[in-house]
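Working notes for the structure below.
Computed from the coordinates by the stated procedures, all read-outs in this text should not be read as laboratory data. The shown structure was predicted, so the numbers you read here are calculated from the model rather than taken from an experiment. Here the Cβ positions follow ideal geometry from the backbone for every residue, glycine too, while neighbour counts run over all protein chains shown.
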Amino acid sequence: QQKVQQSPESLIVPEGGMASLNCTSSDRNVDYFWWYRQHSGKSPKMLMSIFSNGEKEEGRFTVHLNKASLHTSLHIRDSQPSDSALYLCAASMDMGYKLTFGTGTSLLVDP
Amino acid sequence: EAAVTQSPRNKVAVTGGKVTLSCNQTNNHNNMYWYRQDTGHGLRLIHYSYGAGSTEKGDIPDGYKASRPSQENFSLILELATPSQTSVYFCASGDKGQNTLYFGAGTRLSVL
């Protein structure tokens, strides 16, 4: 049973549209969340992190975190074809502790 | 940016053979990890290490061993490779404070 669940499994959005990705941990001990992006044939790279309840925005990317429900979401506005990638959510109990990844959401931005 | 180098990049092994995947990082990170990636499973943690001389079991350690002889190097060993271990393997290093992981380019392993 995957402890970090992501939805949807795949997503297609038009260029310029909004993409919304979800992630929930079933492990009540986790306290920190990250989003990684992996382009096809490449290695994952950290996109954003969020450790406190609320919202964090960086350019076109916004992450939300609700610690009570252990749910985080990533929103990409004005989606670009270059955003097409696998988005992986990761969670950890503590800083410096091992990261557990979800199965990912495959995003395709249709030009 | 942090540099993590994996070798080999591609490997074909025979069932029952021994396979060693190597990882080197030059950023003095304490933590190092081995993940495998398969379609539909995301990244699954095999072994990890918090420093030289230490190794810890991850979520799917069966059939794998790990070795961390120095701060820079972390190896993954398949003593008796099986076809089910065909996968893409990623090594990563991370700073204890930030916990951002930096991944190597990956090793594509095929066990025939």
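Exposure proxy check: B:Ile46, A:Ile50 ranked by fewest other beta carbons within 10 Å?
Neighbour counts put them in this order, fewest first: A:Ile50, B:Ile46.
Mind putting a number on the dipole of region A:1-75 about its Cα centre? Charges go on the C-beta only, +1 for Lys and Arg and -1 for Asp and Glu, and I need it in Debye to the nearest 20.
200
What whole number of Å gives the distance from the Cα centroid of region B:1-21 to the Cα centroid of region A:61-85?
Value for the Cα centre distance between the two parts: 33 Å.
Place a label point 7 angstrom from the Cα of B:Arg108 along the Cα-to-Cβ direction, then list the residues of region B:8-33 whose backbone nitrogen is under 13 Å away.
The answer is B:9-12, whose backbone nitrogens lie closer than 13 Å to the label point.
Treating the beta-carbon of each Lys and Arg as +1 and of each Asp and Glu as -1, no other charges, what is the dipole magnitude of chain B about its Cα centre, to the nearest 20 debye?
Here the size comes out at about 220 debye.
Among B:Ser87, B:Ser49, B:Ser75, which one shows the highest mean-square fluctuation when chain B is modelled as a Gaussian network with alpha-carbon springs under 10 Å?
Looking only at B:Ser87, B:Ser49, B:Ser75, the largest GNM fluctuation is found for B:Ser87.
Based on Cβ point charges of +1 for Lys and Arg and -1 for Asp and Glu, what charge dipole magnitude is obtained for the protein assembly as shown about its Cα centre, in debye rounded to the nearest 20? Walk me through the numbers on the way to the answer.
Values: 20 positive and 19 negative charges, 119 e Å.
Charge dipole, the protein assembly as shown, about its Cα centre: 580 debye, nearest 20.
Which lysines have a Cα less than 30 Å from the Cα of B:Lys96, not counting those fewer than 8 places away in the same chain?
Those lysines meeting the cut-off are A:Lys3, A:Lys42, A:Lys45, A:Lys56, A:Lys67, A:Lys98, B:Lys57, B:Lys65.
Per residue of B:26-34, what is the mean number of Cβ atoms on other protein chains within 10 angstrom of that residue's Cβ?
Whole-number average of other-chain Cβ neighbours for B:26-34 is 1.
Please rank A:Ser92, A:Ser52, fewest neighbouring Cβ atoms within 10 Å first, as an exposure proxy.
Exposure proxy ranking, most exposed first: A:Ser52, A:Ser92.
Just going by the charge dipole of chain A, with Lys and Arg at +1 and Asp and Glu at -1 on Cβ, which of A:Ser84, A:Ser52, A:Leu21 is farthest out on the positive end?
After comparing all options, I get A:Ser52.
What order do you get for A:Phe51, A:Phe61 when you list them from fewest to most C-beta neighbours inside 10 Å?
On the way: A:Phe51 14, A:Phe61 17.
Fewest to most other Cβ atoms nearby, the residues stand as A:Phe51, A:Phe61.
Per residue of A:44-51, what is the mean number of Cβ atoms on other protein chains within 10 angstrom of that residue's Cβ?
Mean shielding by partner chains, rounded to a whole number: 3.
Any chance you could run the full-extension gain for A:Glu58 through A:Met95? It's 0.36 nm times the residue separation minus the Cα-Cα distance, nm to one decimal.
In short, 11.2 nm is gained.
Using only the Cα atoms of chain A, build the gyration tensor, take square roots of its eigenvalues as a ≥ b ≥ c, and label the shape rounded, prolate or oblate: rounded if a/c is under 1.5, else prolate if a/b is larger than b/c, else oblate.
Since a/c reaches 1.5 and a/b is larger than b/c, the shape of chain A is classed as prolate.
From other protein chains only, count the Cβ atoms within 10 Å of every residue's Cβ in A:86-96, then give the mean.
For this peptide, the per-residue mean of nearby foreign Cβ atoms is 3.
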